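**Q** What follows is a single structure, and I will ask about it in a moment.
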Amino acid sequence: MPEGPHAERITVVGNVNLDVVVAGVAELPPPGTERIVPSIAVRPGGSAANTAVTLANLGRNTVLVGRVGDDGTARLLDEELNLPGLHAHLVRAPGESTSVTVAAEAPGHDRAFLSALGALADMDSSAVPSDALASRYLLLSGYFLLPVMRGERARELFSSARRAGARTALDTGWDPGDWSADTRTEVLRLLECVDVFLPNSDEVCALADDSDVDSAARTVAASSGTTVVAKCGSRGALVVTPDGSVTECPTPRVRVQDSTGAGDAFNAGLLHRLADGASLVEAAGYGVRVAATVISRPSHDRRFSPADVLPEQRDEVVSR
Ligand SMILES: Nc1ncnc2c1ncn2[C@@H]1O[C@H](COP(=O)(O)OP(=O)(O)OP(=O)(O)O)[C@@H](O)[C@H]1O
Ligand SMILES: [Mg+2]
């Protein structure tokens, strides 16, 4: 465990971008035409940035490491990420552009995303300053959106973090290449350097090539020796240890206003409590409450304080 001023800190490395969220778009207008939409909101996004912002909302001293262009988008991100407790270390890539995601949403439709990787396309572990490694936890988030960071580079990053005394966590997100056998081998090998793996249910099933979440998470945990905390949407989360124990943490029932970033908020709540020394099951219980708190707030008002986190419910944990 690291000692000194950063012993309680969490470092999040990964995808930072600008989100442009367009409301009221089920499909694009025909070429050559224009349509007025109810609103277009611009805000920081990317799973690493979302997690870091939620950690800062929870009062955690947090470092966010990403790579951006030398453009107005990066300056806007600097401003938006200037939050108490959050140190954003965004490496500037001269001549490159900052990653932007456009999300089109409409009632009754799944969101459609268009993303340009920009400066993320060349982000490797050299973006991570050595003094950012000595934290309680180092989370790598958005792995598949960082093509140069994959494989050996990510293993080196986790190994350096472990040498600096940090515990390691990984959220890959969905593989845009749909989980080939080579990719599955790559991720399983990377998990040897990871203490806590944070997939969602689809991701862990794809990784294990098994349609049942419980058995997929058990297989991954047993073969890698890594604890798997699988996020299962409205079912909550499953904590699966390498010895095969499975604990289910149901989520509080909430009226979902905007489910974007649910997984990132969960990761923040879980790591925040793990960094305080809580057990995995306690920490996952907090993770589901933080996720439920965030997704039940409107998209334009996601700032919250620890006092806003939904209270614990009785009988919420089931072990088997
Ligand atoms: N409909 C819901 N009701 C209550 N809680 C939810 C709901 N959807 C998600 N959550 C909470 O958020 C957590 C993460 O959501 P999910 O399983 O969808 O992860 P994800 O797919 O990684 O999310 P994201 O869409 O952010 O990538 C869940 O484990 C659960 O605690
Ligand atoms: Mg996710």
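**Q** Which of the residues that make up the range 212-247 are of a type in the set (Ser, Thr, Tyr), touching a helix residue (DSSP H, G or I) at 6+ places or on another chain (Cβ under 8 Å) and touching a residue at least 40 places away in the same chain (Cβ under 8 Å)?
**A** Matches in the range 212-247: 227, 247.
**Q** Turning to a different aspect of this structure: In the range 258-282, what residues are of a type outside the set (Asp, Glu), within 16 Å of ligand 2 (Cβ to nearest atom) and part of a helix (DSSP H, G or I)? Don't jump to the end; show me each part of the working.
**A** To start, the set of residues in the range 258-282 that are of a type outside the set (Asp, Glu) comprises 259-263, 265-275, 277-281.
From what's left, within 16 Å of ligand 2 (Cβ to nearest atom): 259-263, 265-271.
Across the range 258-282, the qualifying residues are 262, 263, 265, 266, 267, 268, 269, 270, 271.
**Q** If you don't mind, another one. If residue 235 satisfies all but one of (1) buried (at least 24 other Cβ atoms within 10 Å of the Cβ); (2) within 11 Å of ligand 1 (Cβ to nearest atom), what's the number of the condition it fails?
**A** (1)
**Q** Within the range 277-302, can you find the residues that are hydroxyl-bearing (Ser, Thr, Tyr) and more than 10 Å from ligand 1 (Cβ to nearest atom)? First the steps, then the outcome.
**A** Within the range 277-302, the subset hydroxyl-bearing (Ser, Thr, Tyr) is 279, 286, 293, 296, 299.
Those that are hydroxyl-bearing (Ser, Thr, Tyr) and more than 10 Å from ligand 1 (Cβ to nearest atom): 279, 286, 299.
**Q** Identify all residues within the range 248-258 that are free of Cβ contacts under 8 Å to residues at least 60 places away in the same chain, near ligand 1 (Cβ under 9 Å from one of its atoms) and either surrounded by 17 or more Cβ atoms within 10 Å (Cβ to Cβ) or within 19 Å of residue 307 (Cβ to Cβ) (or both); write none if there are none.
**A** 251, 254
**Q** Within the range 189-213, how many residues turn out to be more than 16 Å from ligand 2 (Cβ to nearest atom) and crowded, with 17+ Cβ neighbours inside 10 Å?
**A** Here is the first cut: in the range 189-213, the ones more than 16 Å from ligand 2 (Cβ to nearest atom) are 189-193, 195, 208-212.
Now drop any that are not crowded, with 17+ Cβ neighbours inside 10 Å, which leaves 190-191, 193, 195, 208.
So the answer is 5.
**Q** Let me ask another. Which residue pairs have Cβ atoms under 6 Å apart, sit 6 or more places apart or on different chains, and have a first residue in the range 126-138 that is of a type outside the set (A, V, I, L, M, F, W, C) and a second that is assigned to a helix (DSSP H, G or I)?
**A** Note: pairs meeting the criteria are 136/275; 137/271; 137/275.
**Q** Kindly indicate whether residue 175 is outside any strand (DSSP E or B), touching a Ser or Thr at 6+ places or on another chain (Cβ under 9 Å) and within 16 Å of ligand 2 (Cβ to nearest atom). Before the answer, list the steps.
**A** On the way: outside any strand (DSSP E or B): yes; touching a Ser or Thr at 6+ places or on another chain (Cβ under 9 Å): yes; within 16 Å of ligand 2 (Cβ to nearest atom): yes.
For residue 175, the condition - outside any strand (DSSP E or B), touching a Ser or Thr at 6+ places or on another chain (Cβ under 9 Å) and within 16 Å of ligand 2 (Cβ to nearest atom) - is met.
**Q** State the number of residues belonging to the range 243-257 that are of a type in the set (Val, Ile, Thr) and part of a strand (DSSP E or B).
**A** 2
Every number in this text was worked out from the coordinates using simple rules, so none of it is lab data. Values in this document were obtained by computation on a predicted structure and should not be read as measured data. Heads up, the Cβs are rebuilt from the backbone with ideal geometry, glycines too, and the neighbour counts pull from every protein chain shown.
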